[in-house]
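Rule-based calculations on the coordinates, nothing more; no lab input. Treat the numbers as computed from the prediction; the structure is a model and nothing was measured. Heads up, the Cβs are rebuilt from the backbone with ideal geometry, glycines too, and the neighbour counts pull from every protein chain shown.
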Ligand SMILES: Cc1cc2nc3c(=O)[nH]c(=O)nc-3n(C[C@H](O)[C@H](O)[C@H](O)COP(=O)(O)OP(=O)(O)OC[C@H]3O[C@@H](n4cnc5c(N)ncnc54)[C@H](O)[C@@H]3O)c2cc1C
């Protein structure tokens, strides 16, 4: 078994036996633990006197709460207490709102107060000695509701006929216009103008294997709150929690462990974290555990955001080169904006996608609706926009009659134009999209498929070839929050790391990240191994987040495709700092100059050697002197601690908030996928016949980890394109609250994926690496494109990011019946 | 989420199970593979006070051939049928067993439990209704046998009394020259089909002597598409005949719009599934080995 894998690894070990380790296909350090079921997850933690919390949730999408009666629940033996929204309001401040003006007035508490705003919103919680008792008690809580008119559609929300947050007086959360170049003129001079009435990017989610888990203890002895949880952006969560709970931030300790996937969804678990802390306080400081069920996760954790594109107009020259885009985009953020108003700007990191157009006007809106709040979800806010641009490109190509690959080549930013400044001032570090297209075409056998497609079409078969080109922008400039709200006190980006020689000389690294499968233990060890010239196995990487390690910054966590840049730059900086100290110390001990020293491994383990004398000191010796034998140190070395914290900062400026101009992200990994999709003429099942994913994330630190992320993102995207959608009915009931209805993708639905990569190193990171992992939802764009290609001759435009056999069947049927409104208009000017 | 608390009883024999249930009364239920019951308990949609576990009763899981019929013990797991060479004597049974949900469900779920559950989307009733199927039951007043078509009364409703058990399922082996197929369309492996079709044909040369066609998940119980059957009977099976039969099946279906598909799409699926099932059935009737393949989104 695994003979091939073994030989590959052995081959790699040979090649990289003595480094450099960055770039080596090193098996993941965490693999053994995780694959054997020895991972340590939040739910594995059991504490003395622990209690269990269960939420009581609203069956209504929009209703006034007339009364909440917890007495029967509290009377049940084994129930310790119950907690309601009223009590929470009395003890806390509403959560910080990021949005400006009216949106600032939204009063967001972790439990419904007075009104429920989405199905599944917590209205009370019960705390009991066992989780099944908590379930029993939750059933006994009596809540009386008075239903209100639900608002399910975002455009309906914008009419303000039924208002969710009365204190804000409007459902609108945000509105702003991005305008660059000379849009009017471009339209005047255009050879073609294409109008697209409405496009829609659907709401879907991530379904991590592990749901949200919180254990909280508000200890009355030291008045501190201890969290053991799986939040994936703890540095952000504690800022919200401290302000909400009115407690000094240093009094909150958060620890995370192995995390079974987040994809961004676990960033917004801070409301539940708040409830658990308050419940612990009420229960006299006993630890409270809340383990989210799958059904709860589906209705009330966070969904990805949903975007509608209205009245899009595209100007093109006679060659199909896009010269301007004018469009109105509306985000539906669900019941509470929380993290989300940031989604109103994050898309503009990829303002022009991979294309060269300079003139554009995007009028961007966001509104609340009676649906689950949305949160960052793999590809957050950029994928919606990239899908929009890819739809524009494909629709225009088909309308004008230019092959979609030619259309792209005419519009792509050219390789020689990098670093490329976008109309809104973002700097694309590097890239080569035509080359990626070439590699992808080669891998899929483009010419062959073109021939097969021509034959298939003769037989009346619906076979399409689709291209999706996307960007995965990583390491963002939090200054973009000031475009949303000029008073937002955030900008730049940073990550902290610590590298030390412990008392017995062990190399120990800690980072402020909380990985969920991204292999940080391995890549961090690779980076340090190269700095110290030792094997990565000799390096211990402390994984999981812990405020008490004191390495984190306010932006620490694992999100937004950035660890390879922010995390590893911090690790690299800390390792360099440690190396500098080790050199100074070794030069003194060995009585030589620093440039005479050589790092390596000797008979007594990792050591530093004087080349001239051959004398050496091992790591234990160095650590011994500093930690427990310091009388031998001269005063000029008293500052050496061999315990080095380094904070890496991204070189950003605050963007100009008026013109919405500035650099918003540091690196731009790119993805180019090609899919061959055939729609069956009887079942209308869109079947993927062939699939290629080409990735470019600059210098690759660990090839199998990158490849794994690509497969994961591809599977996730195929699921989103064809299977996964969060459906609400007209009154706001969520119809996809179980896996039987939501049908997350399984291995049976994933075609064989051909993987390829190109490498354009980033000039913006020390290693040339770019952040990656989110993957820009490339399959969503690619499959939409392939379906467009398959169905264009039937008069179908793909106007939604979600398509399945049923929806394809219905649009074909309605097209035949003449029931489809005209979505696209082409105006040809001579 | 966790079920409400309940009492657990382990029966040592079928007779004991029946008498336990009688004594425990309306609040008691049998537990077989648990693949329908446990999810309901977990969501607290079903809240029995007592469960009588059938899993430890010896001799309830078997596959035997006897006097021209295959006999399945009620506790025979879907996976055992999937992997049984004997069960392949009736290809529809293999098609059905191999396509139920995923490995985990097939390893636990039982044929007896499926029939007793009478889920309108369940695969077994739909596949078996095209065959000569007899359900053996045991109640307080003794054993009886019921034809499957009389056993299924309505959605989730059977002819069983509260304390009556399914003990065995008997399926007559179709004659020489007969072939069948069972096909379902599923959005993903571990979910019930959006629609399914079972076909059993008997050919004499090119002419269809007899036909049974059933449609699953498109009504409150499996629907026999009698007009589709009539369209085949006595005719040679040209593409046109098959298409006529498939269209008749479309008309017979009575689906609801839900997350598994819109009603109009399910009707379309019925057409495609019936056509394909007929084509496979014909080839099998002619003695060809054809692997049935369910359709997935
Ligand atoms: C995720 C998932 C997906 C599924 N997908 C499918 C699918 O695609 N197709 C499909 O057909 N099924 C599917 N099932 C259901 C599965 O096949 C069940 O096993 C089956 O429906 C019931 O059999 P069981 O042995 O599990 O019965 P149980 O769940 O134990 O019992 C079901 C009911 O029958 C009663 N009962 C059980 N045995 C007897 C008996 N011998 N006599 C009298 N009453 C009895 C019980 O009291 C109970 O009311 C799925 C199940 C799951 C969990």
Requested in this report: With a point put 7 Å past each Cα toward its Cβ, work out how far residue A:248 is from residue A:209 in nm, to one decimal.
Outcome: 4.1 nm
Query raised in the report: With each label point set 7 Å from Cα along the Cα-Cβ vector, what nm distance links residue A:175 and residue B:226?
Result: 6.3 nm
Query raised in the report: What is the mean number of Cβ atoms from other protein chains located within 10 Å of the Cβ atom of each residue in peptide A:679-686, rounded to a whole number?
Result: 4
**Report entry** Relative contact order (%) - criterion: Cα under 8 Å, at least six apart; region: region B:7-53
**Finding:** 56 percent
Query raised in the report: Looking at region A:763-811 from every direction and averaging, what is the projected area of its Cα convex hull in nm²?
Result: 5.0 nm²
Query raised in the report: Which FRET efficiency, nearest 0.05, do residue A:33 and residue B:13 yield, Cβ-Cβ r, R0 60 Å?
Result: 0.80
Query - Radius of gyration and Dmax over the Cα atoms of chain B, both given in Å - result: 19.1, 61
Query raised in the report: Expressed as a whole number of Å, what is the distance separating the alpha-carbon centroids of region A:313-360 and region B:34-91?
Result: 56 Å
Requested in this report: Please give the FRET efficiency for residue A:755 paired with residue A:450, using the beta carbon to beta carbon distance and R0 = 30 Å, rounded to the nearest 0.05.
Outcome: 0.85
Requested in this report: Give me a single rounded figure for B:266-275: the average over its residues of other chain Cβ atoms within 10 Å of their Cβ.
Outcome: 3
Query raised in the report: Any idea what angle helix B:263-285 forms with the longest principal axis of chain B, computed on alpha-carbon atoms, 0 to 90 degrees, nearest 10?
Result: 80 degrees
Query raised in the report: Counting other C-beta atoms within 10 Å, which of B:157, A:523, A:782, B:244 has the fewest, and how do the rest follow?
Result: B:157, B:244, A:523, A:782
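On average, how many beta carbons from a partner chain sit within 10 Å of the beta carbon of a residue in B:185-194?
5
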Report summary line: Nearest 10, in degrees from 0 to 90: the angle of helix B:14-24 to the longest Cα principal axis of chain B is 60 degrees
Query raised in the report: Between the helical axis of B:239-252 and the dominant principal axis of chain B, each derived from Cα atoms, what acute angle in degrees is found, rounded to the nearest 10?
Result: 40 degrees
Query raised in the report: Taking every pair of alpha-carbon atoms in region A:640-684, what share in percent sits in each 10 Å bin, from 0 to the bin with the longest distance?
Result: 15, 20, 18, 18, 16, 9, 4, 1
Requested in this report: Determine the calculated [θ] at 222 nm for chain A from helices alone, applying -39500 (n - 2.57) to every DSSP H run no shorter than 4 residues and normalising by the residue count; nearest 500 deg cm²/dmol.
Outcome: -8500 deg cm²/dmol
Report task. Would you mind giving the average projected area, over all directions, of the Cα convex hull of region A:34-165 in nm² with one decimal? Result -> 11.6 nm²
Query raised in the report: By per-residue mean of other Cβ atoms within 10 Å, what is the highest-first order of A:654-665, A:363-374?
Result: A:363-374, A:654-665
Query - Tail beyond 16 Å, pair distance distribution of region B:7-53 (Cα, percent) - result: 34 percent
Report summary line: One finds the C-alpha centres of region A:74-126 and region A:539-598 to be spaced, in Å, by 42 Å
**Report entry** Overall dimensions of region B:63-172 by Cα: Rg and Dmax, Å
**Finding:** 12.9, 38
Requested in this report: Calculate the tail of P(r) for region A:532-687: the fraction of all Cα-Cα distances greater than 29 Å, expressed in %.
Outcome: 45 percent
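Looking only at Cα atoms, what is the convex hull volume of region B:178-289 per residue, in Å³? Could you put the intermediate results ahead of the total?
On the way: hull volume 9.7 nm³, N = 112.
In region B:178-289, the Cα convex hull volume per residue is 87 Å³.
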Requested in this report: Figure the gain on full extension for residue A:72 and residue A:730 (residue separation times 0.36 nm, minus the Cα-Cα span) and round it to one decimal in nm.
Outcome: 233.5 nm
Requested in this report: Starting from one equal scatterer on each C-alpha and no solvent at all, send me the Debye-based log10 I(q)/I(0) for region A:64-139 at q = 0.11, 0.12, 0.14, 0.21 Å⁻¹, two decimals.
Outcome: -0.35, -0.41, -0.53, -0.95
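Using the Kirkwood formula on the Cα atoms of chain A, what hydrodynamic radius do you get, in angstrom to one decimal?
In chain A this quantity evaluates to 28.2 Å.
Quick one: of the DSSP bridges fully inside the protein assembly as shown, what percent are antiparallel, nearest 5?
So the antiparallel bridges in the protein assembly as shown amount to around 80 percent.
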Requested in this report: Arrange the peptides A:673-679, A:156-162, A:580-586 so that the one whose residues have, on average, the most other Cβ atoms within 10 Å appears first.
Outcome: A:673-679, A:580-586, A:156-162
Query raised in the report: So what are the radius of gyration and Dmax for the Cα set of region B:235-291, in Å?
Result: 13.2, 39
Report task. Quickly work out the residue B:147-to-residue B:289 label distance, labels modelled 7 Å from Cα along the C-beta direction, and quote it in nm with one decimal. Result -> 3.5 nm
Requested in this report: Would you mind putting A:216-226, A:404-414 in packing order, based on average other-beta-carbon counts within 10 Å, highest first?
Outcome: A:404-414, A:216-226
Query raised in the report: Between B:276, B:44, B:224, which gets the highest mean-square fluctuation from a Gaussian network model of chain B, Cα cutoff 10 Å?
Result: B:44
Report summary line: note: region B:74-125, Cα-Cα separations exceeding 17 Å make up a percent value of 25 percent
Query raised in the report: Per Stokes-Einstein, at 20 °C and 1.002 mPa s, what whole-number D in µm² s⁻¹ belongs to region B:114-259, with the Kirkwood radius over Cα pairs as the hydrodynamic radius?
Result: 133 µm²/s
